[in-house]
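Inspection log for the structure reproduced underneath, given as structure tokens.
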Amino acid sequence: MKYKRILLKLSGEALMGDKNYGIDPKRLEQYALEIKKVVDMGVEVALVIGGGNIFRGVQSEKIGIDRVQGDYMGMLATLINAMALQSALEQNGMYTRLMSGIKIESVCEPFIRRRAIRHLEKGRVVIFGAGIGNPYFTTDSTASLRAIEIEAEVVLKGTRVDGVYTADPEKDANATRYETISFQEVYENNLNVMDMTAFTLCQENNLPIIVFDMNKDGNLENLINGEDVGTLIMSK
Ligand code: UDP
């Protein structure tokens, strides 16, 4: 087992599956089963899930809602996904805790760092909902920040592409995947891994990122076993 404590970031959009809004129950179940495989290995798992399948702050101005209000709506959207994911994990026999960046006390615990670490040590899957609780941030930044706070060894960014490519593989047939790449090279080549705030936090704190395809069965488990899955971004 290559990693003992991980932070897995899932996008909200991925939860839509084949739909164009909301949550696809099949995808939710698939994610729960993939996560269970690594929980059963003894890996301590923290999760951050986005909200893009429901609402994004940047959309808000188009519909006459100011950005900050929109960002809070986006944070609440992540909480809806987090609650759905929590249920799916529990139905599959995992113990979980949901911690929110915004206080919503009848639904979940507030984020308290020491408590989050304690939950992980006890084998509970900890889901961080509602982002970091501040507007103008993303769930990628939440993933980086929380990973640093709980001393995770790696941020796993689960996406629908299997890593970082020299160019957009959906547009350029000659694009090739990097097995590993340094933070510096990502900057120099203008590659799009995650937003700059999130990316810089990882770089400054020497926290590796792995971008991988979460929709492929067994990928998460293989990655934990140290196989060549996705792209590893690290300081070189
Ligand atoms: N958001 C925020 N602060 C945070 C995390 C999220 O304001 O700390 C808002 C922001 O508006 C964002 C939305 O929540 O657009 C949903 O999150 P994100 O877009 O990161 O979700 P994803 O793209 O991963 O589905």
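The values are calculated or read from the model by the stated rules, or taken from the named source; none is laboratory data. Everything numeric here is computed off the predicted structure, so don't read it as measured data. Positions of Cβ are generated from backbone atoms using ideal geometry, with glycine treated the same way; all protein chains shown enter the neighbour counts. Each accessible area value is taken on the protein alone, full model and side chains, heavy atoms only, with ligands, DNA and RNA left out. Shrake-Rupley method; radii C 1.70, N 1.55, O 1.52, S 1.80 Å.
A compact table of results
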{"quantity": "Residue in the stretch 103-111 that is within 16 Å of the ligand (Cβ to nearest atom), farther than 16 Å from Ser11 by Cβ, part of a loop (DSSP other than H, G, I, E, B) and under 20 Å from the mean Cα position of the chain (by Cα) present", "calculated": "yes"}
{"quantity": "Candidate set from the stretch 121-144 (those that are outside any strand (DSSP E or B) and in contact with a Leu (Cβ under 8 Å, 6 or more places away or on another chain)); member that is farthest from the ligand (Cβ to nearest atom)", "calculated": "Ser144"}
{"quantity": "Residue among Val186, Val229, Val193 that is touching an Asp or Glu at 6+ places or on another chain (Cβ under 8 Å) and not charged (D, E, K, R)", "calculated": "Val229"}
{"quantity": "Positions within the stretch 3-21 being at pLDDT 95 or above and charged (D, E, K, R), in sequence order", "calculated": "Lys4, Arg5, Lys9"}
{"quantity": "Residue list for the stretch 35-44, restricted to those being open to solvent by less than 10 Å² (accessible area, probe 1.4 Å) and either without any contact (Cβ under 8 Å) to a residue 24 or more places away in the chain or under 15 Å from the mean Cα position of the chain (by Cα) (or both)", "calculated": "Ile35"}
{"quantity": "Only listed residue being closer than 22 Å to Gly218 by Cβ and hydrophobic (A, V, I, L, M, F, W, C), chosen from Val125, Val107", "calculated": "Val125"}
{"quantity": "Lone qualifier among Val68, Val58 - being near the ligand (Cβ under 8 Å from one of its atoms) and surrounded by fewer than 15 Cβ atoms within 10 Å (Cβ to Cβ)", "calculated": "Val58"}
{"quantity": "Within the stretch 111-133, tally of residues that are open to solvent by 30 Å² or more (accessible area, probe 1.4 Å) and touching a residue at least 40 places away in the same chain (Cβ under 8 Å)", "calculated": "2"}
{"quantity": "Evaluation of Ala147 against (1) at positive phi; (2) within 16 Å of the ligand (Cβ to nearest atom); (3) among the small types (Gly, Ala, Ser) (one fails), failing number", "calculated": "(1)"}
{"quantity": "Members of the stretch 22-62 found to be among the hydroxyl-bearing types (Ser, Thr, Tyr) and modelled with pLDDT of 95 or more, listed by number", "calculated": "Tyr31"}
{"quantity": "So Gly123, is it in contact with a Ser or Thr (Cβ under 9 Å, 6 or more places away or on another chain) and at pLDDT 95 or above", "calculated": "no"}
{"quantity": "Of all residues in the stretch 151-170 being within 16 Å of the ligand (Cβ to nearest atom) and outside any strand (DSSP E or B), the one that is most open to solvent (accessible area, probe 1.4 Å)", "calculated": "Arg160"}
{"quantity": "Top-ranked residue of the stretch 21-34 - restricted to ones that are in contact with a Leu (Cβ under 7 Å, 6 or more places away or on another chain) and farther than 20 Å from Gly131 by Cα, ranked as surrounded by the fewest Cβ atoms within 10 Å (Cβ to Cβ)", "calculated": "Asp24"}
{"quantity": "From the options Leu76, Leu89, Leu47, Leu85, residue that is open to solvent by 40 Å² or more (accessible area, probe 1.4 Å) and either within 12 Å of the ligand (Cβ to nearest atom) or on the phi < 0 side of the Ramachandran plot (or both)", "calculated": "Leu76"}
{"quantity": "Single residue of the stretch 196-236 satisfying the filter (among the hydroxyl-bearing types (Ser, Thr, Tyr) and outside any loop (DSSP other than H, G, I, E, B)) that is farthest from Thr180 (Cα to Cα)", "calculated": "Thr197"}
